[in-house]
Amino acid sequence: MAEPQTRTRIQKKNRTTILDAALDVFSQFGFRGSTLDQIAKAAGLSKPNLLYYFPSKEAIHVELLSCLMDTWLDPLRDLDPNGEPRAEILAYVRRKLEMSRDYPRESRLFANEILQGAPRIMDAIKGELKDLTDEKAAVIQGWMDAGKIAPSHPYHLLFSIWSLTQHYADFDVQVRAVLGDEGNDPFPAAEQYLETLFSKLLAV
């Protein structure tokens, strides 16, 4: 009975190793520029061994994107309709910036997929992501209608939060190069700046 359990542990470990290696490769080279050979080498496995776990490059990519989408939506899910509007939106900005800091490879993977037309996650974008965005945009619009935050376009408010926070992951090299020594850790200053920016934008 011990042998199947040991095999299962090895399988889980190898799948995790492959996915982590693929995340490195895909986030650096994009889907089209990545190969199974690159992923196998990064994972320290033979290509036939890799193919035992995943039948194709696309299967690995879809698995990563599927896991990523759920994680990516969590900060927006946490926007509480019953909370104080300004505090809720600023907390969302911080959570999104923290994701750029903690998950830069995932952010670049998502950005690369979108730049290619989102062929592997379009259903999720038109489904779960759109539904959640519609729900939270309605919450924000309600806050605006009640005079709790300054009026603006709720969807474009969310888009601006996405772009201004994810920039620090997707354009990490540019940010750090331009900031020089200060770019060793751009996130504390970024958080302060974005909080000031959105506080002024939301003020009534």
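Give me the residue from segment 135-185 that is among the hydroxyl-bearing types (Ser, Thr, Tyr) and over 18 Å from Pro81 (Cα atoms) and, out of that set, surrounded by the most Cβ atoms within 10 Å (Cβ to Cβ). Across segment 135-185, the extreme among qualifying residues is Thr165.
Residue by residue, here is whether (1) within 22 Å of Thr165 (Cβ to Cβ); (2) at pLDDT 95 or above; (3) out of contact with any strand residue (DSSP E or B) (no Cβ under 6 Å at 6 or more places or on another chain) holds:
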residue: Ser27; (1), (2), (3): yes, no, yes
residue: Asp37; (1), (2), (3): no, yes, yes
residue: Ala40; (1), (2), (3): no, yes, yes
residue: Ala43; (1), (2), (3): no, yes, yes
residue: Val62; (1), (2), (3): no, no, yes
residue: Pro81; (1), (2), (3): yes, yes, yes
residue: Arg95; (1), (2), (3): yes, yes, yes
residue: Glu98; (1), (2), (3): yes, yes, yes
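Of the helices (runs of 4 or more DSSP H) contained entirely in segment 103-204, those carrying at least 3 residues that are within 15 Å of the chain's Cα centre (by Cα) and closer than 29 Å to Asp20 by Cβ fall at 104-115, 154-170. The one condition from (1) modelled with pLDDT of 95 or more; (2) surrounded by 17 or more Cβ atoms within 10 Å (Cβ to Cβ) that Glu106 does not meet is (1). Yes or no: segment 177-185 includes at least one residue that is at negative phi, free of Cβ contacts under 8 Å to residues at least 12 places away in the same chain and in contact with a Pro (Cβ under 8 Å, 6 or more places away or on another chain). Yes - at least one qualifying residue is present in segment 177-185. Whether a residue is in contact with a helix residue (DSSP H, G or I) (Cβ under 7 Å, 6 or more places away or on another chain), touching a residue at least 12 places away in the same chain (Cβ under 8 Å) and under 30 Å from Lys200 (Cβ atoms) was assessed, and Ser107 passes this test. Scanning segment 110-130 for residues that are free of Cβ contacts under 8 Å to residues at least 40 places away in the same chain and small (Gly, Ala, Ser), we see that the one that is surrounded by the fewest Cβ atoms within 10 Å (Cβ to Cβ) is Gly117. Looking only at residues that are closer than 17 Å to Leu79 by Cβ and among the aliphatic types (A, V, I, L, M) in segment 186-204, which one is surrounded by the fewest Cβ atoms within 10 Å (Cβ to Cβ)? Of everything passing the filter in segment 186-204, Leu201 is surrounded by the fewest Cβ atoms within 10 Å (Cβ to Cβ).
The values are calculated or read from the model by the stated rules, or taken from the named source; none is laboratory data. Predicted, not measured: the structure shown is a model, and the values here were computed from it. Cβ: placed from backbone, ideal geometry, glycine included. Neighbour counts: every protein chain shown.
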